[in-house]
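What follows is a set of notes on a single structure, which appears directly below.
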Amino acid sequence: AMPRGDPAAAVGGADDAAGGPKAGGLSPALCARVVTSVTTLAEGYDFGCIAGALVLFREELALTPVSEGLVVSCFHFAMVVAAPMAGMLADIAGRKMALALTYALLIVGALAGASAEGAEMLCVGRVLQGMGVGGGMAVITAYMAEISPRGLRGVYVSLEEMFTVLGITLGYFMGYALPSWRWMIGIGGVLPFVALCLLLLPQLPESPRWYLLRGETARAKQCLIEIFGEEEAKHVLREWSGGGAACSWAELVCSRSAWCRRVFGTCVGIFAFDALTGIGVVSINITTLLAAAVPERQASLIAMGLYSARVAMLLGSSFFVVDAWGRRHLLLSGFTGVSLCMILLSFLYWAAVPLQWQVGGWAFYLLVYSYGIGGTKYVYASEILPTERRSKGLSFAIMCQRTIAGVLTLSFPMVSSTYGSFYFWAGLAIVNVFAIFFIWAFAPETAGVSLEEMRPLFSGASESSTPCSKLPGAAAP
(Lines give C-alpha, C1' and ligand atoms only; values in the text may rest on other atoms or scores of the structure.)
Protein backbone atom coordinates (compact mmCIF):
# COMPACT_ATOMS: atom_id res chain seq x y z
CA ALA A 1 0.00 0.00 0.00
CA MET A 2 1.16 3.51 -0.75
CA PRO A 3 1.93 5.74 2.23
CA ARG A 4 -0.61 8.44 2.92
CA GLY A 5 0.46 11.81 1.51
CA ASP A 6 2.74 10.27 -1.13
CA PRO A 7 2.68 12.69 -4.10
CA ALA A 8 2.95 9.74 -6.45
CA ALA A 9 -0.45 8.50 -5.33
CA ALA A 10 -2.23 10.97 -7.59
CA VAL A 11 -0.44 9.76 -10.69
CA GLY A 12 -0.98 6.39 -12.26
CA GLY A 13 0.74 4.46 -15.02
CA ALA A 14 3.62 2.19 -15.83
CA ASP A 15 7.32 2.69 -15.68
CA ASP A 16 8.93 4.37 -18.69
CA ALA A 17 12.48 5.35 -17.92
CA ALA A 18 13.35 6.65 -21.33
CA GLY A 19 10.90 9.54 -21.39
CA GLY A 20 9.90 11.15 -24.66
CA PRO A 21 8.89 14.29 -26.49
CA LYS A 22 5.55 15.92 -26.02
CA ALA A 23 3.02 15.45 -28.75
CA GLY A 24 3.39 18.16 -31.35
CA GLY A 25 6.65 19.54 -29.97
CA LEU A 26 10.08 18.96 -28.56
CA SER A 27 10.63 17.24 -25.24
CA PRO A 28 10.94 19.83 -22.43
CA ALA A 29 14.09 18.06 -21.25
CA LEU A 30 15.56 18.37 -24.75
CA CYS A 31 14.62 22.06 -24.86
CA ALA A 32 16.34 22.55 -21.52
CA ARG A 33 19.45 20.76 -22.77
CA VAL A 34 19.54 23.02 -25.86
CA VAL A 35 19.21 26.23 -23.81
CA THR A 36 21.72 25.16 -21.18
CA SER A 37 24.11 24.13 -23.96
CA VAL A 38 24.10 27.76 -25.11
CA THR A 39 24.99 28.75 -21.57
CA THR A 40 27.75 26.18 -21.36
CA LEU A 41 29.14 27.27 -24.74
CA ALA A 42 29.33 30.82 -23.37
CA GLU A 43 31.09 29.59 -20.25
CA GLY A 44 33.59 27.61 -22.31
CA TYR A 45 34.18 30.60 -24.56
CA ASP A 46 35.20 32.68 -21.54
CA PHE A 47 37.80 30.02 -20.73
CA GLY A 48 39.11 29.77 -24.27
CA CYS A 49 39.21 33.38 -25.41
CA ILE A 50 41.51 34.41 -22.56
CA ALA A 51 44.16 32.02 -23.90
CA GLY A 52 44.42 34.02 -27.15
CA ALA A 53 43.76 37.40 -25.53
CA LEU A 54 46.42 36.82 -22.86
CA VAL A 55 49.24 36.99 -25.40
CA LEU A 56 47.95 40.38 -26.63
CA PHE A 57 46.90 42.24 -23.49
CA ARG A 58 50.00 41.03 -21.63
CA GLU A 59 52.04 43.34 -23.86
CA GLU A 60 49.48 46.17 -24.22
CA LEU A 61 48.87 46.45 -20.46
CA ALA A 62 52.51 45.62 -19.52
CA LEU A 63 51.57 42.85 -17.10
CA THR A 64 54.14 41.37 -14.74
CA PRO A 65 54.05 37.63 -13.90
CA VAL A 66 52.23 38.52 -10.65
CA SER A 67 49.60 40.74 -12.30
CA GLU A 68 49.17 38.20 -15.10
CA GLY A 69 48.54 35.50 -12.52
CA LEU A 70 45.97 37.73 -10.78
CA VAL A 71 44.10 38.53 -14.01
CA VAL A 72 43.88 34.85 -14.88
CA SER A 73 43.23 33.43 -11.40
CA CYS A 74 40.63 36.00 -10.27
CA PHE A 75 38.23 34.26 -12.66
CA HIS A 76 38.52 31.04 -10.63
CA PHE A 77 38.30 32.76 -7.27
CA ALA A 78 35.12 34.52 -8.44
CA MET A 79 33.69 31.10 -9.24
CA VAL A 80 34.48 30.09 -5.66
CA VAL A 81 32.30 32.93 -4.36
CA ALA A 82 29.49 32.51 -6.87
CA ALA A 83 29.01 28.72 -6.70
CA PRO A 84 27.54 28.54 -3.15
CA MET A 85 25.54 31.73 -3.73
CA ALA A 86 24.01 30.21 -6.85
CA GLY A 87 23.21 27.04 -4.94
CA MET A 88 21.29 29.01 -2.32
CA LEU A 89 19.51 31.11 -4.96
CA ALA A 90 18.52 27.97 -6.89
CA ASP A 91 16.92 26.53 -3.75
CA ILE A 92 15.16 29.79 -2.83
CA ALA A 93 14.06 31.29 -6.16
CA GLY A 94 14.27 28.31 -8.50
CA ARG A 95 16.69 26.92 -11.06
CA LYS A 96 15.52 29.18 -13.90
CA MET A 97 15.87 32.38 -11.88
CA ALA A 98 19.40 31.39 -10.86
CA LEU A 99 20.24 30.70 -14.51
CA ALA A 100 18.94 34.13 -15.53
CA LEU A 101 21.29 35.78 -13.04
CA THR A 102 24.30 33.87 -14.38
CA TYR A 103 23.47 35.05 -17.91
CA ALA A 104 23.33 38.67 -16.75
CA LEU A 105 26.72 38.37 -15.04
CA LEU A 106 28.30 36.89 -18.17
CA ILE A 107 26.94 39.72 -20.34
CA VAL A 108 28.05 42.55 -18.01
CA GLY A 109 31.44 40.91 -17.40
CA ALA A 110 32.17 40.61 -21.12
CA LEU A 111 31.37 44.29 -21.68
CA ALA A 112 33.46 45.39 -18.69
CA GLY A 113 36.47 43.32 -19.77
CA ALA A 114 36.30 44.50 -23.37
CA SER A 115 36.32 48.17 -22.31
CA ALA A 116 39.15 47.79 -19.76
CA GLU A 117 41.98 50.33 -19.88
CA GLY A 118 44.08 48.66 -17.22
CA ALA A 119 44.63 45.46 -15.28
CA GLU A 120 42.21 46.56 -12.54
CA MET A 121 39.17 46.93 -14.81
CA LEU A 122 40.13 43.78 -16.65
CA CYS A 123 40.05 41.95 -13.31
CA VAL A 124 36.57 43.38 -12.62
CA GLY A 125 35.30 41.97 -15.91
CA ARG A 126 36.97 38.64 -15.26
CA VAL A 127 35.45 38.48 -11.77
CA LEU A 128 31.93 39.07 -13.11
CA GLN A 129 32.42 36.45 -15.80
CA GLY A 130 33.83 34.02 -13.26
CA MET A 131 30.79 34.51 -11.03
CA GLY A 132 28.53 33.79 -14.00
CA VAL A 133 30.44 30.65 -14.94
CA GLY A 134 30.70 29.33 -11.36
CA GLY A 135 27.02 29.85 -10.70
CA GLY A 136 26.05 28.42 -14.07
CA MET A 137 28.04 25.22 -13.61
CA ALA A 138 26.38 24.44 -10.28
CA VAL A 139 22.83 25.27 -11.37
CA ILE A 140 22.91 23.62 -14.80
CA THR A 141 24.29 20.33 -13.47
CA ALA A 142 21.59 20.10 -10.79
CA TYR A 143 18.86 21.28 -13.18
CA MET A 144 19.67 18.76 -15.92
CA ALA A 145 19.93 15.87 -13.45
CA GLU A 146 16.48 16.72 -12.08
CA ILE A 147 14.58 17.04 -15.37
CA SER A 148 16.36 14.42 -17.53
CA PRO A 149 14.70 11.03 -18.13
CA ARG A 150 16.50 8.28 -16.27
CA GLY A 151 17.57 6.53 -19.46
CA LEU A 152 19.13 9.74 -20.81
CA ARG A 153 20.48 11.24 -17.59
CA GLY A 154 24.04 10.10 -18.16
CA VAL A 155 24.08 11.48 -21.72
CA TYR A 156 22.41 14.79 -20.94
CA VAL A 157 24.55 15.61 -17.90
CA SER A 158 27.85 14.46 -19.39
CA LEU A 159 27.23 16.69 -22.44
CA GLU A 160 27.93 19.61 -20.09
CA GLU A 161 31.66 19.10 -20.47
CA MET A 162 31.38 18.57 -24.23
CA PHE A 163 29.66 21.93 -24.75
CA THR A 164 32.19 23.59 -22.45
CA VAL A 165 35.06 22.26 -24.55
CA LEU A 166 33.25 23.28 -27.74
CA GLY A 167 33.02 26.81 -26.30
CA ILE A 168 36.71 26.75 -25.43
CA THR A 169 37.46 25.71 -29.01
CA LEU A 170 35.36 28.61 -30.28
CA GLY A 171 37.32 30.92 -27.96
CA TYR A 172 40.60 29.65 -29.41
CA PHE A 173 39.26 30.22 -32.93
CA MET A 174 38.32 33.81 -32.11
CA GLY A 175 41.77 34.27 -30.60
CA TYR A 176 43.23 33.17 -33.91
CA ALA A 177 40.83 35.06 -36.19
CA LEU A 178 40.44 38.38 -34.38
CA PRO A 179 43.30 40.91 -34.15
CA SER A 180 42.00 42.65 -31.00
CA TRP A 181 41.71 41.11 -27.55
CA ARG A 182 38.84 43.52 -26.80
CA TRP A 183 36.71 41.95 -29.53
CA MET A 184 37.65 38.48 -28.28
CA ILE A 185 36.35 39.25 -24.78
CA GLY A 186 33.36 41.38 -25.85
CA ILE A 187 31.90 38.73 -28.17
CA GLY A 188 31.62 36.51 -25.09
CA GLY A 189 28.45 38.41 -24.14
CA VAL A 190 26.52 37.36 -27.26
CA LEU A 191 25.76 33.75 -26.35
CA PRO A 192 24.55 34.57 -22.80
CA PHE A 193 22.19 37.16 -24.30
CA VAL A 194 20.78 34.50 -26.64
CA ALA A 195 20.39 32.08 -23.72
CA LEU A 196 18.63 34.73 -21.64
CA CYS A 197 16.09 35.21 -24.43
CA LEU A 198 15.58 31.44 -24.82
CA LEU A 199 14.99 31.13 -21.08
CA LEU A 200 11.66 32.94 -21.58
CA LEU A 201 10.31 30.18 -23.82
CA PRO A 202 7.30 28.37 -22.29
CA GLN A 203 8.77 25.02 -23.39
CA LEU A 204 11.54 25.39 -20.80
CA PRO A 205 10.19 24.00 -17.50
CA GLU A 206 11.17 24.72 -13.93
CA SER A 207 12.60 21.73 -12.08
CA PRO A 208 9.69 19.65 -10.69
CA ARG A 209 11.93 18.57 -7.81
CA TRP A 210 12.30 22.22 -6.79
CA TYR A 211 8.50 22.38 -6.56
CA LEU A 212 8.57 19.29 -4.33
CA LEU A 213 11.19 20.88 -2.09
CA ARG A 214 8.81 23.82 -1.66
CA GLY A 215 5.89 21.51 -0.93
CA GLU A 216 4.07 22.42 -4.17
CA THR A 217 3.07 18.87 -5.04
CA ALA A 218 0.36 19.79 -7.55
CA ARG A 219 2.73 21.95 -9.63
CA ALA A 220 5.44 19.28 -9.39
CA LYS A 221 2.99 16.63 -10.64
CA GLN A 222 1.89 18.82 -13.57
CA CYS A 223 5.50 19.61 -14.49
CA LEU A 224 6.48 15.92 -14.35
CA ILE A 225 3.62 14.95 -16.64
CA GLU A 226 4.69 17.62 -19.13
CA ILE A 227 8.30 16.41 -19.06
CA PHE A 228 7.96 12.62 -18.86
CA GLY A 229 4.32 11.90 -19.60
CA GLU A 230 1.64 10.67 -17.20
CA GLU A 231 2.83 7.07 -17.28
CA GLU A 232 6.30 7.84 -15.93
CA ALA A 233 5.34 10.63 -13.53
CA LYS A 234 4.36 8.19 -10.78
CA HIS A 235 7.64 6.34 -11.07
CA VAL A 236 9.70 9.54 -11.01
CA LEU A 237 7.87 10.85 -7.94
CA ARG A 238 8.54 7.57 -6.15
CA GLU A 239 12.17 7.66 -7.24
CA TRP A 240 12.51 11.10 -5.68
CA SER A 241 10.40 10.22 -2.64
CA GLY A 242 11.57 10.79 0.90
CA GLY A 243 13.00 14.27 0.43
CA GLY A 244 12.11 17.22 2.59
CA ALA A 245 13.09 20.83 2.51
CA ALA A 246 16.51 21.78 1.16
CA CYS A 247 19.13 21.07 3.81
CA SER A 248 21.09 23.76 5.62
CA TRP A 249 24.79 24.39 4.97
CA ALA A 250 25.62 23.06 8.46
CA GLU A 251 23.76 19.81 7.80
CA LEU A 252 25.39 19.51 4.38
CA VAL A 253 28.94 19.82 5.69
CA CYS A 254 28.50 18.18 9.13
CA SER A 255 25.75 15.61 8.57
CA ARG A 256 24.93 13.12 11.32
CA SER A 257 24.35 10.45 8.71
CA ALA A 258 27.35 8.34 7.73
CA TRP A 259 26.08 7.74 4.19
CA CYS A 260 25.34 11.43 3.65
CA ARG A 261 28.87 12.28 4.79
CA ARG A 262 30.36 9.69 2.46
CA VAL A 263 28.33 10.88 -0.53
CA PHE A 264 29.25 14.51 0.14
CA GLY A 265 32.92 13.66 0.68
CA THR A 266 33.05 11.60 -2.51
CA CYS A 267 31.48 14.42 -4.54
CA VAL A 268 33.87 17.05 -3.16
CA GLY A 269 36.87 14.73 -3.53
CA ILE A 270 36.17 14.02 -7.20
CA PHE A 271 35.89 17.72 -8.04
CA ALA A 272 38.99 18.57 -5.99
CA PHE A 273 41.09 15.91 -7.71
CA ASP A 274 39.67 17.08 -11.05
CA ALA A 275 41.16 20.53 -10.38
CA LEU A 276 44.44 18.91 -9.36
CA THR A 277 44.77 17.37 -12.81
CA GLY A 278 45.79 20.89 -13.84
CA ILE A 279 43.13 21.10 -16.55
CA GLY A 280 42.34 24.72 -15.64
CA VAL A 281 45.97 25.74 -16.03
CA VAL A 282 46.26 23.90 -19.33
CA SER A 283 43.02 25.34 -20.76
CA ILE A 284 44.10 28.93 -20.09
CA ASN A 285 47.79 28.56 -20.92
CA ILE A 286 47.73 26.00 -23.74
CA THR A 287 48.51 28.59 -26.42
CA THR A 288 51.40 29.94 -24.35
CA LEU A 289 52.69 26.42 -23.68
CA LEU A 290 52.56 25.54 -27.37
CA ALA A 291 54.03 28.91 -28.43
CA ALA A 292 57.28 27.87 -26.75
CA ALA A 293 57.62 25.20 -29.47
CA VAL A 294 55.98 26.79 -32.53
CA PRO A 295 55.01 30.29 -33.76
CA GLU A 296 52.03 31.87 -31.98
CA ARG A 297 49.52 31.61 -34.84
CA GLN A 298 50.51 28.00 -35.44
CA ALA A 299 50.11 27.40 -31.70
CA SER A 300 46.54 28.74 -31.89
CA LEU A 301 45.78 26.36 -34.78
CA ILE A 302 47.21 23.40 -32.87
CA ALA A 303 45.18 24.37 -29.80
CA MET A 304 42.00 24.46 -31.91
CA GLY A 305 42.85 21.05 -33.35
CA LEU A 306 43.47 19.57 -29.91
CA TYR A 307 40.22 20.89 -28.52
CA SER A 308 38.29 19.76 -31.59
CA ALA A 309 39.66 16.29 -30.87
CA ARG A 310 38.50 16.74 -27.26
CA VAL A 311 34.96 17.45 -28.50
CA ALA A 312 34.99 14.24 -30.54
CA MET A 313 36.34 12.28 -27.58
CA LEU A 314 33.68 13.70 -25.25
CA LEU A 315 30.93 12.91 -27.75
CA GLY A 316 32.07 9.30 -27.89
CA SER A 317 32.35 9.08 -24.12
CA SER A 318 28.93 10.68 -23.51
CA PHE A 319 26.90 8.68 -26.03
CA PHE A 320 28.63 5.29 -26.10
CA VAL A 321 30.70 4.76 -22.95
CA VAL A 322 29.41 6.54 -19.84
CA ASP A 323 26.32 4.30 -19.53
CA ALA A 324 27.71 1.15 -21.17
CA TRP A 325 31.08 0.94 -19.41
CA GLY A 326 30.20 2.74 -16.20
CA ARG A 327 31.18 5.89 -14.31
CA ARG A 328 33.65 4.24 -11.93
CA HIS A 329 35.65 2.60 -14.71
CA LEU A 330 35.86 5.87 -16.63
CA LEU A 331 37.05 7.80 -13.59
CA LEU A 332 39.65 5.17 -12.72
CA SER A 333 40.99 4.99 -16.28
CA GLY A 334 40.92 8.79 -16.58
CA PHE A 335 42.92 9.52 -13.43
CA THR A 336 45.33 6.69 -14.24
CA GLY A 337 45.92 8.09 -17.72
CA VAL A 338 46.33 11.66 -16.44
CA SER A 339 48.87 10.47 -13.86
CA LEU A 340 50.90 8.76 -16.56
CA CYS A 341 50.67 11.86 -18.77
CA MET A 342 51.91 14.10 -15.95
CA ILE A 343 54.84 11.77 -15.29
CA LEU A 344 55.65 11.83 -19.01
CA LEU A 345 55.41 15.62 -19.23
CA SER A 346 57.56 16.05 -16.13
CA PHE A 347 60.23 13.86 -17.72
CA LEU A 348 60.03 15.79 -21.02
CA TYR A 349 60.54 19.12 -19.22
CA TRP A 350 63.31 17.69 -17.01
CA ALA A 351 65.18 16.09 -19.94
CA ALA A 352 64.79 19.26 -22.08
CA VAL A 353 63.77 17.16 -25.09
CA PRO A 354 62.74 18.90 -28.33
CA LEU A 355 59.63 21.00 -27.75
CA GLN A 356 57.67 19.12 -30.41
CA TRP A 357 57.61 16.11 -28.07
CA GLN A 358 55.93 18.28 -25.46
CA VAL A 359 53.15 19.06 -27.94
CA GLY A 360 52.52 15.33 -28.26
CA GLY A 361 52.47 15.00 -24.48
CA TRP A 362 49.83 17.72 -24.16
CA ALA A 363 47.71 16.14 -26.88
CA PHE A 364 47.76 12.78 -25.07
CA TYR A 365 46.92 14.47 -21.76
CA LEU A 366 43.89 16.36 -23.13
CA LEU A 367 42.42 13.31 -24.85
CA VAL A 368 42.83 11.05 -21.82
CA TYR A 369 41.29 13.64 -19.51
CA SER A 370 38.33 14.17 -21.84
CA TYR A 371 37.65 10.47 -22.21
CA GLY A 372 37.72 9.49 -18.56
CA ILE A 373 37.13 12.53 -16.33
CA GLY A 374 35.70 15.40 -18.38
CA GLY A 375 31.95 14.72 -18.41
CA THR A 376 31.89 11.80 -16.00
CA LYS A 377 32.45 13.89 -12.88
CA TYR A 378 29.24 15.87 -13.49
CA VAL A 379 27.19 12.71 -14.07
CA TYR A 380 28.53 10.94 -10.99
CA ALA A 381 28.22 13.86 -8.57
CA SER A 382 24.70 14.82 -9.67
CA GLU A 383 23.53 11.21 -9.34
CA ILE A 384 24.87 10.36 -5.90
CA LEU A 385 23.78 13.54 -4.10
CA PRO A 386 20.25 13.38 -2.60
CA THR A 387 17.88 15.86 -4.20
CA GLU A 388 17.55 18.00 -1.08
CA ARG A 389 21.37 18.32 -1.11
CA ARG A 390 22.08 18.37 -4.84
CA SER A 391 22.13 22.10 -5.50
CA LYS A 392 24.17 23.09 -2.44
CA GLY A 393 26.36 19.98 -2.65
CA LEU A 394 27.36 20.65 -6.25
CA SER A 395 27.91 24.32 -5.42
CA PHE A 396 30.24 23.44 -2.55
CA ALA A 397 32.15 20.92 -4.69
CA ILE A 398 32.62 23.47 -7.48
CA MET A 399 33.70 26.04 -4.88
CA CYS A 400 36.46 23.68 -3.69
CA GLN A 401 37.38 22.80 -7.27
CA ARG A 402 37.76 26.43 -8.29
CA THR A 403 39.68 27.36 -5.16
CA ILE A 404 42.30 24.79 -6.09
CA ALA A 405 42.21 25.82 -9.76
CA GLY A 406 42.64 29.47 -8.78
CA VAL A 407 45.67 28.69 -6.63
CA LEU A 408 47.23 26.65 -9.43
CA THR A 409 46.65 29.29 -12.13
CA LEU A 410 47.97 32.00 -9.82
CA SER A 411 51.11 30.04 -8.98
CA PHE A 412 51.87 28.57 -12.41
CA PRO A 413 53.51 31.67 -14.00
CA MET A 414 55.60 32.31 -10.89
CA VAL A 415 56.67 28.68 -10.34
CA SER A 416 57.49 28.17 -14.03
CA SER A 417 59.53 31.37 -14.33
CA THR A 418 61.38 30.83 -11.04
CA TYR A 419 61.94 27.07 -10.80
CA GLY A 420 60.88 25.64 -14.15
CA SER A 421 57.81 23.72 -15.31
CA PHE A 422 59.20 20.35 -14.22
CA TYR A 423 58.45 20.90 -10.53
CA PHE A 424 54.90 22.08 -11.21
CA TRP A 425 53.87 19.09 -13.32
CA ALA A 426 55.81 16.59 -11.18
CA GLY A 427 53.89 17.73 -8.11
CA LEU A 428 50.57 17.27 -9.89
CA ALA A 429 51.66 13.81 -11.08
CA ILE A 430 52.17 12.69 -7.48
CA VAL A 431 48.80 14.07 -6.37
CA ASN A 432 46.95 12.32 -9.20
CA VAL A 433 48.26 8.96 -8.07
CA PHE A 434 46.34 9.50 -4.83
CA ALA A 435 43.23 10.27 -6.89
CA ILE A 436 43.29 6.73 -8.29
CA PHE A 437 43.18 5.22 -4.79
CA PHE A 438 40.44 7.66 -3.76
CA ILE A 439 38.15 6.60 -6.63
CA TRP A 440 38.89 2.93 -6.03
CA ALA A 441 38.04 3.18 -2.31
CA PHE A 442 35.11 5.61 -2.18
CA ALA A 443 33.33 5.71 -5.57
CA PRO A 444 31.10 2.67 -6.27
CA GLU A 445 29.58 2.12 -9.69
CA THR A 446 26.27 3.97 -10.33
CA ALA A 447 25.52 3.17 -13.98
CA GLY A 448 21.98 1.83 -14.35
CA VAL A 449 21.10 2.65 -10.73
CA SER A 450 18.05 4.80 -10.06
CA LEU A 451 18.34 7.83 -7.79
CA GLU A 452 16.60 6.15 -4.86
CA GLU A 453 18.95 3.15 -5.08
CA MET A 454 22.07 5.29 -4.58
CA ARG A 455 21.71 5.19 -0.80
CA PRO A 456 22.40 1.46 -0.34
CA LEU A 457 25.61 1.87 -2.36
CA PHE A 458 26.99 4.30 0.23
CA SER A 459 25.44 2.99 3.47
CA GLY A 460 24.45 -0.02 5.48
CA ALA A 461 20.93 -1.37 5.63
CA SER A 462 20.16 0.59 8.81
CA GLU A 463 20.49 3.90 7.03
CA SER A 464 19.56 3.07 3.46
CA SER A 465 15.88 3.91 3.90
CA THR A 466 16.30 7.12 5.89
CA PRO A 467 16.42 10.32 3.87
CA CYS A 468 18.97 12.88 4.95
CA SER A 469 16.33 15.52 5.49
CA LYS A 470 14.59 13.33 8.12
CA LEU A 471 17.67 12.69 10.25
CA PRO A 472 18.17 14.43 13.59
CA GLY A 473 19.76 17.82 13.08
CA ALA A 474 18.51 18.26 9.52
CA ALA A 475 16.76 21.43 8.49
CA ALA A 476 13.08 21.46 9.23
CA PRO A 477 10.70 21.65 6.26
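The values are calculated or read from the model by the stated rules, or taken from the named source; none is laboratory data. Note that this is a predicted model, so its numbers are computed, not measured. Reconstructed Cβ throughout: ideal geometry from the backbone, glycine too, with neighbour counts over all protein chains shown. What goes into the accessible areas is simple: the full protein's heavy atoms, side chains included, and nothing from ligands, DNA or RNA. Shrake-Rupley method; radii C 1.70, N 1.55, O 1.52, S 1.80 Å.
What number, in percent, do you get for the relative contact order of the chain if the mean sequence gap of Cα pairs under 8 Å and at least 6 apart is divided by its residue count? Working shown, then result.
Values: 838 pairs, mean separation 123.3, N = 477.
For the chain, the relative contact order is 26 percent.
When Lys and Arg each count +1 and Asp and Glu each count -1, what net charge do the other residues less than 12 Å away from PHE57, Cβ to Cβ, add up to?
Numbers: positive: ARG58, ARG126, ARG182; negative: GLU59, GLU60, GLU68, GLU117.
Net charge around PHE57: -1.
A simple rule links phi to the HN-Hα coupling: the Karplus curve 6.51 cos²θ - 1.76 cosθ + 1.60 with θ = phi - 60°, which for segment 331-343 gives 5, 5, 5, x, 5, 5, x, 5, 4, 5, 5, 5, 4 Hz, with x for Gly and Pro. Looking at the chain, the accessible area is 37 square angstrom per residue; that uses a 1.4 Å probe and ignores ligands, DNA and RNA. Net charge of the neighbourhood of ALA98, taken over other residues with C-beta under 15 Å away and scored Lys/Arg +1, Asp/Glu -1, is +2.
How much length, in nm to one decimal, is gained on full extension between SER248 and TYR419, taken as 0.36 nm per residue of separation minus their Cα-Cα distance?
Working: separation 171, 0.36 × 171 = 61.56 nm, distance 4.42 nm.
The span from SER248 to TYR419 would gain 57.1 nm if fully extended.
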